[in-house]
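Step one of this worksheet: look at the structure below.
All of the numbers you see were taken from the coordinates with simple rules; none came from a lab. Small disclaimer: the values here were computed from a predicted structure and weren't measured. Heads up, the Cβs are rebuilt from the backbone with ideal geometry, glycines too, and the neighbour counts pull from every protein chain shown.
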Amino acid sequence: MKRVLFICTRNSARSQIAEGLVNYDLAGRFEAFSAGTEPSFVNPLAISVMKELGIDISQKRSKGLNESFRFSPRTSAVVSAASFFLTPPALYSLSPPGKFYLNLA
């Protein structure tokens, strides 16, 4: 199974939604995780939007990048949806060489 790490600034909406969608729609093929550079809380609007889609993320919490390192040895892709640009060295430190990196900022 491939693993994907979604990163955004607060890990409160974009990355939480992406994690929830992948884990719901692509279960068994992909496993998603999320983190933020400045973790805060999961935005209630993100929880509400996902609930409308039948996906419960109400028990999720905002996580920092330091927590994502425990997943990095097995991460297949790192996707940044942050309002900042992760430099290649920062991306490379989150996932092993030869893996896929995408910055949507």
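Assorted remarks:
- Subset of the range 33-46 (residues that are assigned to a helix (DSSP H, G or I) and touching a residue at least 24 places away in the same chain (Cβ under 8 Å)): 45, 46
- Qualifying positions in the range 8-56 - aliphatic (A, V, I, L, M), touching a Gly at 6+ places or on another chain (Cβ under 7 Å) and surrounded by 20 or more Cβ atoms within 10 Å (Cβ to Cβ): 35, 50
- Residues of the range 1-30 classified as aliphatic (A, V, I, L, M) and assigned to a helix (DSSP H, G or I), total: 4
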